[in-house]
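The values are calculated or read from the model by the stated rules, or taken from the named source; none is laboratory data. Note that the coordinates shown come from a computational prediction; the quantities given were computed from them, not determined experimentally. Glycine also receives a Cβ, built like all others from the backbone with ideal geometry; neighbour counts cover every protein chain displayed.
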Amino acid sequence: MQTRMTASPPRRRRAAVTAALALTVGVAVGSDVAAASNVVSGLQGGSGTVTVPTWLFLLTGGAVIAASGMLSMLVTDRAFLEEIHTWSLPVPGTEAVRTWLGRLGAAGTAVVLALVVYTGFTGPQIGSASFAVLVVFVGARAGLTMVAYAVGNPWPALDPWRRVAAALPNGFVEYPTDWKRWPAVAALLALIYVEIVTPLTQSPATLAWAVLGYSAFAIAGAVAVGPDAWVRNADPVSTWFRFYGAVGPLQRTGEGWSLRAPGSRLREADLVTDLSDVAFVVLLVWELTLSGFVVTPPGETVVEALVGVGLPPVVAYLLLLLAGFALFLGAYLLAARRSRERATTYLTARYLALRFAPSLLAIAGGYHLAHYFAFFVSQTPSLWTALVNPLSPPAPPAFTRLVLPGWFSTLDIGFVLAGHVLAVWAAHATSFDLFPGRLQAIRSQIPFIAVMVAYTMLSLWLLSMPTGTTPFVQG
């Protein structure tokens, strides 16, 4: 009895740490689903509504993830898991298609980028009627990213900056191997910050300057260290599509292109190999969090409070971005340490963080689809109008968007839940790769599933909240 009484407080403390971790991370990520960032506020606006009691809405979402976790734990046949995750169907002819796309795709992308810059400066300064805004945010930010996690990574065939750098003298300095992918993390943070504090979707000229600046940055970096090293380590756009593409069913192997079960790639050890990769994966889940949070009533209150104590708005947003990301990354690493304790393993918390991080990519894909699917569908007519008449756009009323039926919003909930369920399954498969014992494998998943339950409930809560505009960001 005395032993139990002595051991009880540490157990309670550990349980409290796990609960606090789940709540902290959930609050951070939950705001993602309200996001659509400046894209929605600049192009269409909107707010969430829930026709059932909020408590039931949230409880049901959390229960779905918890139930999926428990059900996955019933699947303990390693041969069955291996069969699912190693199944593949070769796709003949894809290498030839990739070769031709590589020749034509990058040239086409370069032409589109030139038109983005030209029309951004000379076209109508209305986001919803601008070729530049529609192509960058509807076509690339929404549509091309959806292609990555729904089909496969399209970017290697489209990357224009890599081919420009390859045609120039390059490789003047050797990329520092100790830097890993941290430059890509820093660059993506910078892009997120620029998207938040500048009216990119409302000012096509501002967007044109941003595209010019990033193009110069990408070409200069690739020329300095060589295109291959740049794309592999420092380019945030290439890393973005590479990680999102890992979720898709079309994957490239040493034997060519194959169709695989969605998410199968997420259990492989060579996908995330460094803590910088973990940080980038976490940032993919986090990248819409701040822009989503600040357009909800609680977020607007926080920003206004920071500005009210004397911080300039640009400093307030930078503080929120960096502090929130540090908290979110630290919370994930804490979950990895908690997983190591529960599994009682010689594997380090760092290694567990590397192996379980890819499962977050399924969550990122589900969140992105929830943010952008309805947005992409509704803006398709405007995008088509802009593509057909890039140099002589019609008057703004000709740029219309589809009015979607009310039931369309329920798809967002399904996308969020589907991403979480796939993430739970990927984490389950990973745990059975790591641990020989069934109970050990199951126990290792519990901290991550707890975090996923919190993600779901709080993200659905924010999905039901009304959204406004980004405070202090003027068009």
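Some points to look at:
- Residues satisfying the stated conditions in segment 305-325, i.e. of a type outside the set (A, V, I, L, M, F, W, C) and surrounded by 14 or more Cβ atoms within 10 Å (Cβ to Cβ): P313, Y317, G324
- Total residues in segment 439-475, condition of a type outside the set (A, V, I, L, M, F, W, C), at pLDDT below 80 and in a helix (DSSP H, G or I): 3
- Residue in segment 371-409 that is surrounded by the most Cβ atoms within 10 Å (Cβ to Cβ), counting only those that are small (G, A, S) and at pLDDT below 85: S409
- Scanning segment 119-129 for residues that are out of contact with any Leu (no Cβ under 8 Å at 6 or more places or on another chain) and either closer than 19 Å to A106 by Cβ or buried (at least 23 other Cβ atoms within 10 Å of the Cβ) (or both) turns up just one, G123.
- Residue pairs whose Cβ atoms lie under 8 Å apart, sitting 6 or more positions apart in sequence or on different chains, and linking a residue in segment 178-202 that is hydroxyl-bearing (S, T, Y) to a partner that is outside any helix (DSSP H, G or I), are T198/V473.
- Criterion (surrounded by 23 or more Cβ atoms within 10 Å (Cβ to Cβ) and outside any helix (DSSP H, G or I)) met by exactly one of V295, V281: V295
- Lone qualifier among Y214, Y193 - being under 15 Å from A114 (Cα atoms) and among the hydroxyl-bearing types (S, T, Y): Y214
- Looking across segment 342-397, just one residue is free of Cβ contacts under 8 Å to residues at least 12 places away in the same chain, assigned to a helix (DSSP H, G or I) and either within 24 Å of V272 (Cβ to Cβ) or among the basic types (K, R) (or both), and that is Y351.
- Scanning segment 254-268 for residues that are more than 17 Å from E83 (Cβ to Cβ) and part of a strand (DSSP E or B) turns up G256, W257.
- Filtered residue count, segment 251-282, keeping only those that are in contact (Cβ under 8 Å) with a residue 12 or more places away in the chain and farther than 29 Å from L189 by Cβ: 9
- Residue check: D228 meets all listed conditions (1) in contact (Cβ under 8 Å) with a residue 40 or more places away in the chain; (2) surrounded by fewer than 21 Cβ atoms within 10 Å (Cβ to Cβ) but one, namely (1).
- Checking each residue in segment 314-340 for being of a type in the set (S, T, Y) and under 21 Å from the mean Cα position of the chain (by Cα) picks out Y317, Y332.
- Tabulated pairs, segment 125-148, first within 20 Å of L391 (Cβ to Cβ), second of a type in the set (F, W, Y), C-beta under 7 angstrom, 6+ apart or interchain: S128/F399; A129/F399; V138/F376
- Residue match in segment 162-170 (condition: under 24 Å from the mean Cα position of the chain (by Cα) and in a helix (DSSP H, G or I)): yes
- Set side by side, the residues V64, V116, V75, V111 differ, and just one is of a type in the set (V, I, T), at pLDDT 85 or above and surrounded by 13 or more Cβ atoms within 10 Å (Cβ to Cβ), which is V116.
- Any chance P436 is in contact with a Lys or Arg (Cβ under 9 Å, 6 or more places away or on another chain), free of Cβ contacts under 8 Å to residues at least 40 places away in the same chain, surrounded by fewer than 20 Cβ atoms within 10 Å (Cβ to Cβ) and farther than 20 Å from V247 by Cβ: no
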